[in-house]
Structure formats: structure tokens, C-alpha cells
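Have a look at the structure below, then the notes.
The values are calculated or read from the model by the stated rules, or taken from the named source; none is laboratory data. What you are looking at is a predicted structure, and each value in this text was computed from that prediction instead of being measured. Counting neighbours? That spans all protein chains shown, and the Cβs are built from the backbone with ideal geometry, glycine included.
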Amino acid sequence: MKSILQKTHIRYYHKQNPHKPSVRKLKPNSFITDIKNTQNTDEALSVFHDYCNTNTFKHDYPSYSSLIYKLGRNKNFNQVETLLQQLQHYNVQCKEPLFIGLIQHYAKSGLVENAVDMFERMPSFNCYRSLQSLNAILNALIQNERFDEANEMFKNCSKMGFRPNAVTFNIMIKGLLGEGKWGDARKVFDEMLEREVEPTVVTYNCQIGFWSKKGEFDEAKSLFDEMIRKGKKPNAITYALLMEALCLQEKYREAKNLMFDMEYQGCKPRLVNYGVLMNDLAKRGNFEEAKALLLEMKKRRIKPDVVMYNILINYLCKENRAGEAYKILVEMQVNGFEPNAASFRMIIDGFCRNGEFDEGLKVLNVMLTSKHCARLETFCCLVMGLVGNGKMDDAIFVMEEMMKRRMCPDLESWEALVVRTTCGDNSDNSLVAELVSPRR
């Protein structure tokens, strides 16, 4: 047993061999296809340099942009900057979508300063900034709760040569409402009307959603009526927001009646509407009625998705009914729906909370076979539970699966596994010390 643990430790802590590019036949028009088929950024960069070393191929804007997109998605921003410098050096004509994509990737990674810098540097790449770029940076600032900076940029739109459109105003309204600043949001809405920018359904949905999430149905309905008066046709999301407000007031029947009323008004119910009802029923523990909704949807030829099933799975697991949740997962698959990582994770965590670690391990095996990966916390919980039940081989298996995915077990999991394995044999203390020692 000791040798297995030592091998496991060595496999995890030793560095992987650096990427060695495979021999490939280079064709002038195949670079972008090759980049799309690469598995990681190291391989993508290797492909890029392989093409650089040929005399028959010269990288152009599509080449650079395809690689930069891939690097940005994988947060390899150092290499992104290197390629951007090459674009400038070789005076490659760039297009706006490349920089909008980078602004979005920086924003998702919380690198707001980089996103703003990218927006400001666009002209240096001989690239025209349109209103679409401004909207992208405003959205990036709002997403990262940099409201003052977003507001300052919004106020200076005219100085920068931009005329805000409905998307611009919607971004600002949504951001202000996210801060709870209803009065300021309405001022921006009034400014929108003053500038003769036509509000969209999204403009009203943002405001209706603000009150709906507070359970203030009357306020939300007042905005809904205003929307109708001004000739804007509500969509399924509009009705879903009103239904949510009713459910928060514990008026499920009224919410369901509203869904049927929307159809009478010419707006067909969608998944989002059934999702509101499903969430309310499951939250209140009415699982049989919630399951009946799935049958009702089938009769109405509305196909449920994985989110609908996950609502049931989530609340069943919260009620310590992981076994029933697993049956829902099986039903999903029988009906032709592929569970996602969240589906498996909730069930495994549910079994672990119930102390049913063998069942959790079975679901983990199915999850890994389905090419999904559990969270580190889930792996560690399984290890601790299996060790506690004396299932050492299973615990080691889970550890090995973690390390295959380069996930580092926490100190408590290592100690529990090693101490249990050595069974108090003091001669093995050196092994314990080695396994729980910090990485070098």
C-alpha cells in the first residue's frame, strides 16, 4: 500500500514533460483549422511557430486573431500581448471584433485595467472604434462593479465621438439597478427618451426584473402596463419576471394562470416560464407536482433542458433525497438529455452529505466516464468519507483521479488517507511527512 501512495505522490508532484509538437504536413490554408483542433495553448503556439518556419506561409490577420482568441479564452494573456506586439511590428491591419473579444476575456478574468487599456489602445492598431467597442468596455466595467468609471465614460460618450444607442442605455440601466439605484436608473431611462433613443423590451425587462426579484408585483405590473401603452410587446422573459414576483408572494396559482394568459395575448410560453414554476414548486418541496410539470411540457411540445432537471436535482439533494435525485438523472438520460457537470456534482455532494460514500463514488465514476470533472471539494469529501469507512482502495482511486487532473488534495485529506493506511505504524511517519509537505 505504501508503494502505491509513493507512486501517486511522485506522479502528481513531478512536472509534466513539455509539449513536443507532432510532425504535421503544413498546408497554406490549413492553419486556422489546425489551431481549432489543438487541445491546449502550448500546442496552439507550437503550430503557430511551425507555420512561421516555412517559406510558403505568412501569418495574416485571420491567423493572428484565431490564435489570440484561443489564448484569450484560456487566459494566457502574456502570450496575447506578445502577439499584439507582433501585429503592430508587422503593421497587420486589425479588425474591431478581435479587440472586443479581448475586452470580454479580460473582463471575465477580473482584469478590468487591461480591458480599459485594450479599449484605449485600439487606435494604435489602426483599428476604428465603433459604438460596439464602447458598449463592450461599459459592460466590462459594470460586470466588475466599476460603476463610477462606467458612469464617467458614459457621460463622456459625445467627447469620444459616440452617440449612445439602446444597448448603451440598457447596460447603464442594468448596472444602476444592480446597485439598487432605482432613481438613478430612471434618470438614465428619461435621458434615453429625451435623446429619442427607442427603448427595447430589454430596457423594460431590466426595470421589471428589479421589482420582481424583490417580490413587488404591483410595481413590476405598473411597468408592464407602461410598456404595453408605449407599444412594446412583452416577451416570454417579461412574463417570467412577473411570474417570479407572484411566486415570491406565494401566489403560485396566479403565476401559472399568468403563463396561460400570455399565450392568449400571443406570446408562447417558453422554458424560462416553466423554469419559474419548477423552481417554486421544488423550493417548497412539492416534487410530485414539479415532476408533473415535465409531463405537461411534453404535452405542450415544449422540450425541457438540463436546467429544468437540475432544479429538481438541486432541491431533492437539499432535502437529503440524493437517491431520488439520481433517479431523475437516469430519467434525463433515458429521455435523451445529457447531464452536465452540475448535475453530477449536486448528486455526489448530496450522497456525501448523507454519508453514502459508496453511492457517491458510483456517480463519480459515471461523471468521469462522461468526460466531466468534479470540484476539488467534492473529491476531498469523497476521500475523507471512503477512508472513514475503511474503503482504502477506493480512496486511493479517487486520489489518483484527482492527480490525473492536476488537482491538489487538501492537507486534511492527505493526512486522513496516510494515517489510516499506516495504521499507527510509527515507522511510516516519514511517508506521512513526505506526502503532506508543501510542494517544492
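Going through (1) more than 22 Å from residue 296 (Cβ to Cβ); (2) surrounded by 14 or more Cβ atoms within 10 Å (Cβ to Cβ); (3) at pLDDT below 95 one by one, residue 210 falls short only on (3). Among residues of segment 387-412 that are small (Gly, Ala, Ser), those with a beta-carbon under 7 Å from a residue that is at pLDDT below 85 and surrounded by 14 or more Cβ atoms within 10 Å (Cβ to Cβ) at least six positions away or on a different chain give the pairs 395/417.
Please go through segment 102-119 and give me each residue that is surrounded by fewer than 17 Cβ atoms within 10 Å (Cβ to Cβ) and more than 11 Å from residue 140 (Cα to Cα), ordered by number. Hit for segment 102-119 is 117, nothing else.
Taking the condition acidic (Asp, Glu), without any contact (Cβ under 8 Å) to a residue 12 or more places away in the chain and surrounded by fewer than 19 Cβ atoms within 10 Å (Cβ to Cβ), does residue 96 pass? Break it down into steps so the answer makes sense when it comes.
Details: acidic (Asp, Glu): yes; without any contact (Cβ under 8 Å) to a residue 12 or more places away in the chain: no; surrounded by fewer than 19 Cβ atoms within 10 Å (Cβ to Cβ): yes.
Criteria not met by residue 96.
Residue 374 passes every criterion in (1) within 21 Å of the chain's Cα centre (by Cα); (2) of a type in the set (Gly, Ala, Ser); (3) in a helix (DSSP H, G or I) apart from (3).
Inspect segment 253-273 for any residue being out of contact with any strand residue (DSSP E or B) (no Cβ under 7 Å at 6 or more places or on another chain), under 20 Å from residue 215 (Cα atoms), free of Cβ contacts under 8 Å to residues at least 40 places away in the same chain and hydroxyl-bearing (Ser, Thr, Tyr) and give the result as yes or no. No: segment 253-273 contains no residue that is out of contact with any strand residue (DSSP E or B) (no Cβ under 7 Å at 6 or more places or on another chain), under 20 Å from residue 215 (Cα atoms), free of Cβ contacts under 8 Å to residues at least 40 places away in the same chain and hydroxyl-bearing (Ser, Thr, Tyr).
Residues that are of a type in the set (A, V, I, L, M), more than 26 Å from residue 291 (Cα to Cα) and touching a Gly at 6+ places or on another chain (Cβ under 6 Å) do not occur anywhere in segment 388-399. The set of residues in segment 148-174 being within 29 Å of the chain's Cα centre (by Cα), among the small types (Gly, Ala, Ser) and farther than 22 Å from residue 232 by Cα consists of 150 alone.
In segment 213-235, which residue that is more than 13 Å from residue 248 (Cβ to Cβ) and among the small types (Gly, Ala, Ser) is surrounded by the most Cβ atoms within 10 Å (Cβ to Cβ)?
Initially, segment 213-235 is screened for residues more than 13 Å from residue 248 (Cβ to Cβ), giving 221-235.
Filter again for among the small types (Gly, Ala, Ser), leaving 222, 231.
Working: 222: 14, 231: 7.
If we take residues in segment 213-235 being more than 13 Å from residue 248 (Cβ to Cβ) and among the small types (Gly, Ala, Ser), then 222 is surrounded by the most Cβ atoms within 10 Å (Cβ to Cβ).
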